[in-house]
Amino acid sequence: MNIKKVLTANLEPGMIAAEAAYTYTNHLVIQSNTVLTEEIIEKLKYYAVKAVKVYIPEEEIIEKPAPATNTGASTYFKRVQNTEEFSQFETKFSTCVDSFKHSLNDIVTKSADGLVDNMLNDVKSLLKKSRNPLHLLDMMQCMRGYDDMTYAHSMNVALICNVIGTWLHMSEEDLNVLTICGMLHDIGKLKIPAEIITKPGKLTEEEFNIVRNHPRYGYEILKDKALDRRVILAALQHHERYNGSGYPYQLPGSKMEYFSSIVAVADVYDAMTSNRCYRKGICPFPVIELMEREKDYYEPSVLLLFVERTIEAYINTEVLLSNNEKGRVILLNKSFISRPVVMSDSGKTYDLSKDPDLQIEALI
C-alpha cells in the first residue's frame, strides 16, 4: 500500500491516515491509521493542519470501519468490533488463551522446554492480527469483557510488554525475552487456592497475605528452569515499586531488574482495565490518571512512554463524561496526558486538565 501526502482541503471520508497529525502547538489531533470522516476532516481544518499522509490502497485493502455519523447509532468501538480484523483477533485470542492455560499448568510440573516457545508463538500469532501497537491496544480494549484472573491476564500482559518493548526499539531477542516475562509473570498464582483467586468479595487480611506470596511461588517454579534470568526475576519482582513500597522485598527501583519494571506497568494497567470477578474494568483514562498521580511507583521513563503512547490510541474516541454528557476526545494535554480536551455532543468544550471535578467515565 502506497502513501501519499494530501492537502487537508482535498481529503475525503474513508481515507486512512498513514501517520499522526499534530497542531502547530504539538497537540495530537489524530493518530495514525485513523479512518477519516467528515467530522475529523473538519477538525483537521479547524486546527489548521495543512496536509495529512494517507494510504493509497492497492489490491489488499484493510477493511475500514463504517464512517462515523452524528446520530450516535454506531460508536467507534462497535465499528472496530464489527470488522473482520477484530473477528479474527477475537477467535485467535480465545484459542491462544486456552493453549496458555495448558502450557502454564504444564510448566509448573514439567520443564519449560518447548512450552515457552509455543506460548511465544501464540503471542506472535496474535500480534500479526494487528497493524501496529496502537491498533493492538484498540482491539484489546474491545476484548475487556474477557474475565480471567490468570490466563487471559498473562496473555494481555505479554502483549502489552511487547508493545512497550516495540516502542523502546528493543532488539528482537530482548523483545522475545520481555514478552516471555509478561507470559510467565503470574505463574505463581497457580499455587494460590482457586477460591481465593476468584473470590467476588473483598479478601480478608489472611487471604490477601496468601495472594501476596505468589511472586515467591513464581520464582520457586521458574528458578531451576532453562529460562533467561530476567524472566525469573520478573515473576519475583513485578509487584515491587520504584519507591520501595512494593512486595515481597520492598526493593527500590535501583535494585529492580529493568524488565521487571516494564512488567509492573503492563500488569497494573491490564489488571485495572480488565473485568474482574469482584468489579468491572475501569476506563483507561482514570487508570492512566491514577498511574500518573502515582508516578513514584514506576520506572519514570517507562511510565512516561506508556501513558503518552497509550492515550494516543483514544484520540477521536467517543466518551461518556461524569456529568453524563457524551463527547469526543479532540486534543491531548501533554502536561496531563490522561485529562484531554473533550468536545461534547452539544458543542461545549471541556479541558479536563483544568476541571478536576469532571472526568471520563467510559469509552462508548
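The values are calculated or read from the model by the stated rules, or taken from the named source; none is laboratory data. What you are looking at is a predicted structure, and each value in this text was computed from that prediction instead of being measured. Every residue, glycine as well, gets a Cβ built from its backbone with ideal geometry; the counts of neighbours run over all protein chains shown. What goes into the accessible areas is simple: the full protein's heavy atoms, side chains included, and nothing from ligands, DNA or RNA. Shrake-Rupley method; radii C 1.70, N 1.55, O 1.52, S 1.80 Å.
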Item to check | Accessible carbon and sulfur surface of the chain relative to its total accessible area, %, 1.4 Å | outcome: 49 percent
Checklist entry - Out of 181, 161, 96, any idea which swings most in a Gaussian network model of the chain, alpha carbons joined below 10 Å? => result 96
Checklist entry - Counting only the backbone N, which residues of the stretch 251-274 are under 18 Å from the spot 7 Å out from the Cα of residue 212 toward its beta-carbon? => result 251-252
Checklist outcome for this item: Computed curve, the chain, Cα-only Debye sum without solvent term, log₁₀ I(q)/I(0) at 0.10, 0.13, 0.15 Å⁻¹, is -0.65, -1.07, -1.35
Checklist entry - How do 345, 296, 122 stack up against each other in accessible area, from largest to smallest, with a 1.4 angstrom probe? => result 345, 296, 122
Item to check | Angle between the chain longest axis and helix 84-109 axis [Cα atoms, degrees, rounded to 10] | outcome: 10 degrees
Checklist entry - Shape call for the stretch 207-256 from the C-alpha gyration tensor, a ≥ b ≥ c root eigenvalues: rounded (a/c under 1.5), prolate (a/b greater than b/c) or oblate? => result oblate
Checklist outcome for this item: Straight-line reach check, residue 225, cutoff 19 Å on alpha carbons, 8 or more apart in-chain or any other chain, hits among lysines -> 101, 110, 189, 191
Checklist entry - GNM, the chain, Cα, under 10 Å: largest mean-square fluctuation among 82, 156, 324? => result 324
Checklist entry - Taking K and R as +1 and D and E as -1, what net charge do the other residues with C-beta under 10 Å from the C-beta of residue 318 add up to? => result +2
Checklist entry - Can you give the three extents of the C-alpha atoms in the stretch 224-364 along their principal axes, from longest to shortest, in whole Å? => result 60, 32, 23
Checklist entry - Of 53/295; 199/295; 45/295; 43/354, which ones are farther than 32 Å apart at the Cα? => result 53/295; 45/295
Next on the checklist: For the chain, what does the relative contact order come out to in percent, with C-alpha contacts under 8 Å and a separation of six or more?
Outcome noted: 13 percent
Checklist entry - Projected onto the charge dipole of the chain (+1 at Lys/Arg Cβ, -1 at Asp/Glu Cβ, origin at the Cα centre), which of 103, 227, 171 gives the Cα projection farthest towards the positive end? => result 171
Checklist entry - Which value, in debye to the nearest 20, describes the size of the charge dipole of the chain about its Cα centre when Lys and Arg Cβ atoms bear +1, Asp and Glu Cβ atoms bear -1, and nothing else is charged? => result 380 debye
Checklist entry - Accessible area per residue of the chain at 1.4 Å probe, in Å²? => result 46 Å²
Next on the checklist: Explain nothing, just the number: relative contact order of the stretch 183-254, from Cα pairs under 8 Å at least 6 residues apart, as a whole percent.
Outcome noted: 30 percent
Checklist outcome for this item: Quick calc: nm separation of the 7 Å Cα→Cβ label points for residue 113 and residue 255 -> 3.6 nm
Checklist entry - Between 111, 103, 171, which gets the highest mean-square fluctuation from a Gaussian network model of the chain, Cα cutoff 10 Å? => result 171
Checklist entry - If exposed trypsin sites (Lys or Arg not before Pro) are those in a DSSP loop with at most 15 other Cβ within 10 Å, what is the longest stretch of the chain that has none? => result 132-201
Checklist entry - Which of rounded, prolate, oblate describes the stretch 121-187, given a ≥ b ≥ c as roots of the alpha-carbon gyration tensor eigenvalues and a/c under 1.5 marking rounded, otherwise prolate only if a/b is larger than b/c? => result oblate
Checklist entry - With every protein chain kept in the model, how would you rank 335, 99 by accessible area, 1.4 Å probe, largest at the top? => result 335, 99
